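Visitor: Sharing a structure here in structure tokens format.
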Amino acid sequence: MTFGSDEGILDDMPRDLPCVYRAGSLGEADIVAAWLEEKSIPAFVKDAAAAQGLATPFIAAPKGIEVCVAPDRADEARSLLSRHRAELRQGKSASNADAPITAVCEDCSKASTFPASQARTVQTCPWCKAYIDVPAARRN
Ligand SMILES: [Zn+2]
């Protein structure tokens, strides 16, 4: 066994990314993450996979859904967010019609996201190829 050959490189994928925002729903988390990426800050929605497994994705996560960024960008992201938090919240309702829509497949129970332009249409489940009804855009 050569000690040191396996350096266990975690720098690429830190286990504990700093959380810079706690969203009330996966949709809000997605919006914040997309917004941060627009500012060239790589952002990740923590527990997105777990949240997608929920049968009812629109239900608010009890502890909130965390949006994380690379550790070296955390301060930047936090200051951007604190400056724009109100704007983001307002923008969320103003541009809600454009927010992606989450639909749950009745066949495989997996949640998928569809663009708002596909609201109230029938699409194909990306997981199992069954037909899936995309609901109307969510209103807050
Ligand atoms: Zn499916």
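The values are calculated or read from the model by the stated rules, or taken from the named source; none is laboratory data. This one's a predicted model, so the numbers in the text were calculated from it and none came from an experiment. Note: ideal-geometry Cβ built from the backbone for every residue, glycine included; neighbour counts use all protein chains shown. Surface accessibility is based on the protein's heavy atoms, side chains included, excluding ligands, DNA and RNA. Shrake-Rupley method; radii C 1.70, N 1.55, O 1.52, S 1.80 Å.
Visitor: Check whether at least one residue in region 5-22 is open to solvent by 100 Å² or more (accessible area, probe 1.4 Å), at pLDDT below 90 and β-branched (Val, Ile, Thr), and report yes or no.
Guide: For region 5-22, residues open to solvent by 100 Å² or more (accessible area, probe 1.4 Å), at pLDDT below 90 and β-branched (Val, Ile, Thr): present.
Visitor: Any residue that is free of Cβ contacts under 8 Å to residues at least 24 places away in the same chain, more than 18 Å from the chain's Cα centre (by Cα) and outside the structural domain of Asp30 (by TED's automatic domain parsing) - is there at least one of those in region 109-116?
Guide: Narrowing region 109-116 to residues free of Cβ contacts under 8 Å to residues at least 24 places away in the same chain: 112, 114-116.
If we keep only those that are more than 18 Å from the chain's Cα centre (by Cα) too, we end up with none.
The answer is no, given that none of the residues of region 109-116 is free of Cβ contacts under 8 Å to residues at least 24 places away in the same chain, more than 18 Å from the chain's Cα centre (by Cα) and outside the structural domain of Asp30 (by TED's automatic domain parsing).
Visitor: Within the set of pairs 6 or more residues apart or between chains, which connect a residue that is within 15 Å of Thr102 (Cβ to Cβ) and without any contact (Cβ under 8 Å) to a residue 40 or more places away in the chain inside region 124-137 to a residue that is basic (Lys, Arg) and away from the ligand (no atom under 12 Å from the Cβ) with Cβ atoms less than 6 Å apart?
Guide: If the second residue must be basic (Lys, Arg) and away from the ligand (no atom under 12 Å from the Cβ), the pairs left are Ala136/Arg120.
Visitor: Let me ask you something else. Out of the residues in region 101-123 that are open to solvent by 70 Å² or more (accessible area, probe 1.4 Å) and over 20 Å from Ser25 (Cβ atoms), state the one that is nearest to the ligand (Cβ to nearest atom).
Guide: Here the answer is Asp107.
Visitor: Consider only pairs whose beta carbons are under 6 Å apart and that are at least six residues apart or on different chains; among these, list those whose first residue lies in region 77-88 and is assigned by TED's automatic domain parsing to the domain that holds Val67 and whose second residue is aromatic (Phe, Trp, Tyr) and surrounded by 15 or more Cβ atoms within 10 Å (Cβ to Cβ).
Guide: Leu81/Tyr21
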